[in-house]
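J.: One structure follows; several queries about it will come next.
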Amino acid sequence: MSELTIWAYDWVPDGPRGFVRDLRLRWACEEAGLPYRVESTPFKDRSEEHFKHQPFGQAPWLTDGDLSIFESGAGLLHLAGKSEKLMPRDPVEEAETLQWTIAALNSVEMVSVPWWFLEVSGTKDNGLTGWLESRLDHVERVLKEREWLAASRFTVADLLMADVLRVEKVRAFGDRPATESYVTRITDRRAFKKAHADQMAHFANAD
Ligand SMILES: N[C@@H](CCC(=O)N[C@@H](CS)C(=O)NCC(=O)O)C(=O)O
């Protein structure tokens, strides 16, 4: 088996700790029981080597032997290809999982991240609020009816959707009890707690 390595920043300021996206990859490896290493890349000085792996100069990226993959979503799908725990092999369940994985990125995070940026930059009238509200309300409607997004069990789609929704400001936005209990339930998983604690320790070691 080739070696999985998650490339994370060596250090980040306090604010993003616990939310930097290498956590998604750590969490997936923990869920799937896939052995992995974590390597650091400088946060302050993004080298040419960094850009070779992540053309936007961001983190994380994943290497699997000679293979190098950027975008946390692509990394998650790569890991899901190695483990049925993350991605069911039944074609219908696989399609359900895939569509909700992309929905987390392209229907929810696509709105929640720009909305969050406007919020934290102190914009008076956040023009994205209505858009985010409608996306969150639709997710709430779905989560009222089911425990998991796909395949009637935990999959990589839940990992990603919960990771997108667990951002404090997004959670504080309106009253959505099904979403709240979904995020609480999913982030209560051993694998999430381990990945979160490991990321916090990784950055704390660099202080
Ligand atoms: N779409 C990318 C986003 C990556 C991303 O936003 N990375 C953040 C950390 S979570 C980052 O590198 N921020 C510093 C920067 O953009 O310079 C992914 O999902 O991998």
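J.: Only bridges whose two residues both fall in the chain count here: according to DSSP, what percent of them are antiparallel, nearest 5? It would help to have the intermediate numbers written out before the result.
T.: Details: 8 of 14 bridges.
Counting DSSP beta bridges with both partners in the chain, the antiparallel share is about 55 percent.
J.: I need the shape label for the chain. Rule: rounded when a/c is under 1.5, else prolate if a/b > b/c, else oblate, with a, b, c from the alpha carbon gyration tensor.
T.: Here the chain falls in the oblate category.
J.: Now a separate question. Kyte-Doolittle cut-off 1.0, length cut-off 24 Å along the helix's own axis using Cα: show which whole DSSP H helices in the chain pass. Can you show the working numbers first?
T.: Details: long enough: 129-145 (25 Å, -0.77).
The answer is none, since no helix passes both cut-offs.
J.: Hey, another quick one. Take MET87, MET110 and order them by how many other Cβ atoms sit within 10 Å, fewest up front.
T.: By the 10 Å Cβ count, ascending: MET110, MET87.
J.: Per DSSP H run of at least 4 residues, take -39500 (n - 2.57); add these up for the chain, divide by its residues and hand me the 222 nm value, nearest 500 deg cm²/dmol.
T.: Numbers: 10 runs with 108 residues, N = 207.
Taken over the chain, the calculation gives -15500 deg cm²/dmol.
J.: Related question: For the range 52-68, just list the computed ³J(HN,Hα) in residue order, Karplus coefficients 6.51, -1.76 and 1.60, θ = phi - 60°, integers in Hz, with x standing in for Gly and Pro.
T.: Those phi angles translate into 5, 8, 9, x, 9, x, 9, 10, x, 9, 10, 10, 9, x, 7, 7, 10 Hz.
J.: Compute the distance in nm between two label points, each set 7 Å from the Cα along the Cα-to-Cβ direction, one at LYS44 and one at PHE19.
T.: Placing both labels 7 Å beyond Cα along the Cβ direction yields 2.3 nm.
J.: May I pose another question? Round to the nearest 0.05 the FRET efficiency obtained for GLU180 and ASP10 when R0 = 35 Å and r is the Cβ-Cβ distance.
T.: 0.55
J.: Got a sec? How would ARG176, ARG171, ARG146 order by Cβ neighbour count within 10 Å, fewest to most?
T.: In increasing order of surrounding Cβ atoms, one gets ARG146, ARG171, ARG176.
J.: Moving on to the next point. What is the dipole size for the chain, taken about its Cα centre, with +1 at each Lys and Arg Cβ and -1 at each Asp and Glu Cβ, in debye to the nearest 20?
T.: Here the size comes out at about 340 debye.
J.: Per the Kirkwood treatment, what hydrodynamic radius in Å, one decimal, follows for the range 91-189 from the mean inverse distance over all distinct Cα pairs?
T.: Values: mean 1/r = 0.0727 Å⁻¹.
With all distinct Cα pairs of the range 91-189 included, I get 13.8 Å.
J.: Which trypsin sites (Lys or Arg not before Pro) in the range 22-66 sit in a loop by DSSP (not H, G, I, E or B) and have at most 14 other Cβ atoms within 10 Å of their own Cβ?
T.: Qualifying residues, ordered by number: LYS44.
J.: If you don't mind, another one. Got a sec? Which residues in the range 1-44 would a label at ASN205 touch, if it sits 7 Å along Cα→Cβ and we count backbone N under 14 Å?
T.: Answer for the range 1-44: 6-12, 36-41.
J.: Further question: Can you sort TYR182, TYR9, TYR36 by how many other beta carbons sit within 10 Å, fewest first?
T.: Arranged by neighbour count, lowest to highest, TYR182, TYR9, TYR36 become TYR36, TYR9, TYR182.
Just so you know, all these numbers are worked out from the coordinates, no wet-lab data involved. Nothing here was measured: the structure is a model prediction, and the numbers come from that model. Reconstructed Cβ throughout: ideal geometry from the backbone, glycine too, with neighbour counts over all protein chains shown.
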